[in-house]
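Got a structure here, written out as structure tokens. Questions coming.
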Amino acid sequence: MADLADHIDTVRRSVDRTLAAGSVSLGQLDLIEERILLARQEYISKSPAPMLKQLLLDLQEVEDLAKDRQPASVQVRLAEMTAVLATLVADSLMKLGDLSRSRSWYNTARHASDESGVLELRARVRAQAAMLPYYYGPLESAVTLAREARIMTRNRPSHTAAFAAVAEARALAQQGDKASAEARIRDAQLIFDQLPDTSEEDAFAFPLRRFLLYLSGTFTALGRSSQARRVQEEALSLYPAVTGIDPALLRLEAALCLVHDHSATEACQLAAATYLRVPEAHRTPILGARARRVIEGLPGTNQATPAAKDLRELLELPTGSR
């Protein structure tokens, strides 16, 4: 029995040492989370290329900690950090036009959010990931991801729930499913109206201006130009002077409304002016892709008008010469 007792004590001491060796202080985690919050705030206005470098550095530090055995509570927090950073990396790559890598990073973000077990985060990452197939296809994937997020947040009103519902509405509208899109608009509006107002500068926040951005895309795709213009104007009035590309996306949707209203020349001129107004560092492929949608939406011979030709030539110029 003495030998067994010694063995029991030896094993316990070994387990205690393993637990101690793998632990990370709460203070250390708090400092990393503070830095990630700062990155989320900077992400709103900082251009994607330098932002990407910063995010990868932060992610590498989190990964180094996650490689070691950690208590469950620490692993959850590290998984949450990984999911947030991976989502922003994916979004940066999408803006830069690196679609394959963006898709892979969104998958990594979804995996990390699932590992965290935090339902709200799992839903948020999926709603964010729906942007890639919304802009670049396939639209079915955008609908599926947004719908998964909406189902995860069902009966729990939150900004993520409103985000998921309106993201699904926008994708359905782009598919041409008018009835389903309008049902999701009603759901999203009902949820959003229950929530406290937030205007925080945070890439993971969902303030009114972002809600209106998604409504704008939905109404534009449904051909409801007057409603789209109203929400575009309201959203634009809410953006700070220094921000990212959302105001440009809203103005490009205004150009698409002009296409729907058979104002081809005005549509192309607005798209060109919007594109040129964006600072060079933010003038990434996603903006070019949205501006090309204006040309693609023009009926028949309107694609050959002088304004359409000017816009096409502008978008074909190499970066730095525009």
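Quick grid of which residues meet (1) in contact with a Leu (Cβ under 6 Å, 6 or more places away or on another chain); (2) farther than 25 Å from R209 by Cα; (3) touching a residue at least 12 places away in the same chain (Cβ under 8 Å):
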site	(1), (2), (3)
A254	no, no, yes
A272	yes, no, yes
P285	no, no, yes
T305	no, yes, yes
L311	no, yes, yes
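Can you list the helices (runs of 4 or more DSSP H) found entirely within segment 42-155 that contain at least 2 residues being in contact with a helix residue (DSSP H, G or I) (Cβ under 8 Å, 6 or more places away or on another chain), assigned by TED's automatic domain parsing to the domain that holds R186 and buried (at least 20 other Cβ atoms within 10 Å of the Cβ)?
Qualifying helices (runs of 4 or more DSSP H): 119-129, 131-136, 139-152.
Considering only residues of segment 279-304 that are more than 15 Å from L258 (Cα to Cα) and of a type in the set (S, T, N, Q), which is surrounded by the most Cβ atoms within 10 Å (Cβ to Cβ)?
Per the criteria, the residue is T284.
Now, a different point. Those residues that are under 20 Å from D202 (Cβ atoms), of a type outside the set (A, V, I, L, M) and part of a helix (DSSP H, G or I), I need them from segment 238-256; list them, please.
D246, P247
Take the residues in segment 233-287 that are over 19 Å from the mean Cα position of the chain (by Cα) and of a type in the set (S, T, N, Q), then tell me which one is farthest from G297 (Cα to Cα).
Residue satisfying both the conditions and the ranking: S237.
Let me ask you something else. Quick check: is even one residue across segment 262-276 farther than 26 Å from V84 by Cβ, in a loop (DSSP other than H, G, I, E, B) and acidic (D, E)?
No, segment 262-276 contains no residue that is farther than 26 Å from V84 by Cβ, in a loop (DSSP other than H, G, I, E, B) and acidic (D, E).
For residues that are closer than 15 Å to L78 by Cβ and at pLDDT below 85, scanning just segment 1-38, find the one that is surrounded by the most Cβ atoms within 10 Å (Cβ to Cβ).
Within segment 1-38, the match that is surrounded by the most Cβ atoms within 10 Å (Cβ to Cβ) is V24.
The values are calculated or read from the model by the stated rules, or taken from the named source; none is laboratory data. What you are looking at is a predicted structure, and each value in this text was computed from that prediction instead of being measured. In this analysis, Cβ positions are derived from the backbone assuming ideal geometry, glycine residues included, and neighbour counts consider all displayed protein chains.
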